[in-house]
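Notes follow the structure.
Nothing in this text is a laboratory measurement; each read-out follows from the coordinates by a stated rule. This one's a predicted model, so the numbers in the text were calculated from it and none came from an experiment. Note that each Cβ is placed from the backbone with ideal geometry, even for glycine, and that neighbours are counted across all protein chains shown.
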């Protein structure tokens, strides 16, 4: 029997990410299966339409996959193939088929607003993708969005939640879920400095099982006196793999303003592995708008990026919120509102010590971030990370920047930033927990003459960040080699702590918002190339109550 079937396949992918991203009706795909011709076109309603002949439907199912060329992609590096790529994935999603790029093909992607939704395994293989950002219709629309067909849903409002609460009183859930909680009546992360702002609504993200039991490997970190919104995002338990591919972004030529481009791969599904991908950047000039991350991970859990090569973006300046010039953060990696995210054996194409390029990672509201065997210019947690691990890695000129809570571990690594760990001053130089450093080498400022300090930051005690600010309660540093062979005149030797508040030199200085100082520092086997002794700080008064234990 000849089939005449018309299916409207609405790719209603919901993007939980930066506020500027939006879902476009142009991402709808109409799928038909009639006649003898397989083709991709735009219908009279301006909808992307793909017709798959019944014969081809049977052929693709028998093959167990679909290729971009099967639906007409040219792969010649000149023809804009974005519509065919989007249509291929729409069909594959409907049929549950993996997608494979054609070996050796080069797919050109222009500035049209069209997001490709990936819901099945995808092998980009040896194919190349040219993403031309010189004329973009919608800079906030991702090229690819990895999404789930499990949809988020609202839960009945719970009156309150406590820090480290082990179970949430929820109705039975369909399975494990990522729970997002907000209290819009409380503002936190009230930023200080040139990029000052009024803060973000109190928020937390944690995993529960179907009965509401919290995964205590990523515990609740705030007391919520009131809950104004609570959403459950079901967790896909099967692993979705995205492998291979060489992507080149031709950089935008926009005005140097904080109008972020998000033209990359947005991962909005749990249990995803990205492996063997390469991303390059061409055409950066003397101005341009910043990027929000070629790999942009958000509102999901259990994501691994492995054996991947990235590229740092050139740094441009603009006028910040305080009315003064400021450098714009621009990223090739971005992680927001995500739990259990790991970067394994990742590196970048440009020199990790070259400060013309901004640090490669930015993150907000995350838990359990890991670098392992990575060579990258920076690790950074803006609006807080709960638990972070850096191991077997080398970090470049921007080093380790973090605020947050829990355990921050750095081991078997080389840090080439201005400090071993920088507690970000714009968010209160706060870490409510513990810092452990083992078997590491610290090369201050990448070997340039510099007065070294292990822990840097700044805190005046006069600004309300929306929370009490802490230094790590306990700092353990063992088997650390400090390569301070290049040092300036009058160098007194490395300090444990930078001068966090030069004005606090006696008891006359009063903090409106007191800083909770470190209680204990444990030092074992610390060596310096300069042979100068490690000391407490240029401001010994501020750290007078810190207990320092040595070998």
Of the convex hull drawn through the C-alpha atoms of the chain, the volume per residue in Å³ is 160 Å³
So, with points 7 Å from each Cα along the Cβ direction, the residue 112-residue 253 label distance in nm works out to 2.2 nm
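Efficiency by 1/(1 + (r/R0)^6): what FRET value for residue 492 and residue 355, r their Cβ-Cβ distance, R0 = 41 Å, to the nearest 0.05?
On the way: r = 26 Å, r/R0 = 0.63.
Plugging the Cβ-Cβ distance into 1/(1 + (r/R0)^6) gives 0.95.
R0 = 41 Å: FRET efficiency of residue 506 with residue 407, Cβ-based, nearest 0.05? Don't skip to the answer; put the middle values down first.
Values: r = 34 Å, r/R0 = 0.83.
It comes to 0.75.
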Rough spin-label spacing in nm, given labels placed 7 Å along Cα→Cβ, for residue 201 and residue 485: 5.5 nm
Angle in degrees between helix 54-63 and the longest Cα principal axis of the chain, rounded to the nearest 10: 40 degrees
Restricting to DSSP H runs of at least four residues, report the calculated mean residue ellipticity at 222 nm for the chain, -39500 (n - 2.57) per run over all residues, nearest 500 deg cm²/dmol. -1500 deg cm²/dmol
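Would you kindly give the portion of the calculated P(r) for segment 421-488 that falls above 18 Å, as a percent of all Cα pairs? Walk me through the intermediate numbers first.
Details: 1106 of 2278 pairs.
Every Cα pair in segment 421-488 considered, those over 18 Å come to 49 percent.
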Starting from the 7 Å offset along Cα-to-Cβ, what nm value, one decimal, do you get for the label separation of residue 211 and residue 55? 5.7 nm
So, for the Cα atoms of segment 154-229, Rg and Dmax in Å stand at 13.8, 46
Normalising by the residue count of the chain, find the relative contact order in percent from Cα pairs under 8 Å and 6+ residues apart. 8 percent
As an exercise, use a Förster radius of 30 Å and the Cβ-Cβ distance of residue 474 and residue 530 to find the FRET efficiency, rounded to the nearest 0.05. 0.65
Computed over segment 147-187, the distribution of all Cα-Cα distances in 5 Å bins, rounded to whole %, is 5, 12, 32, 23, 16, 9, 3
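For segment 447-551, what does the relative contact order come out to in percent, with C-alpha contacts under 8 Å and a separation of six or more?
So the answer I get is 39 percent.
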Where the Cα atoms of segment 424-551 are projected onto their three principal axes, how long is each span, largest first, in whole Å? 40, 29, 24
Over all directions, segment 98-144 yields a Cα convex hull whose mean projected area in nm² is 3.4 nm²
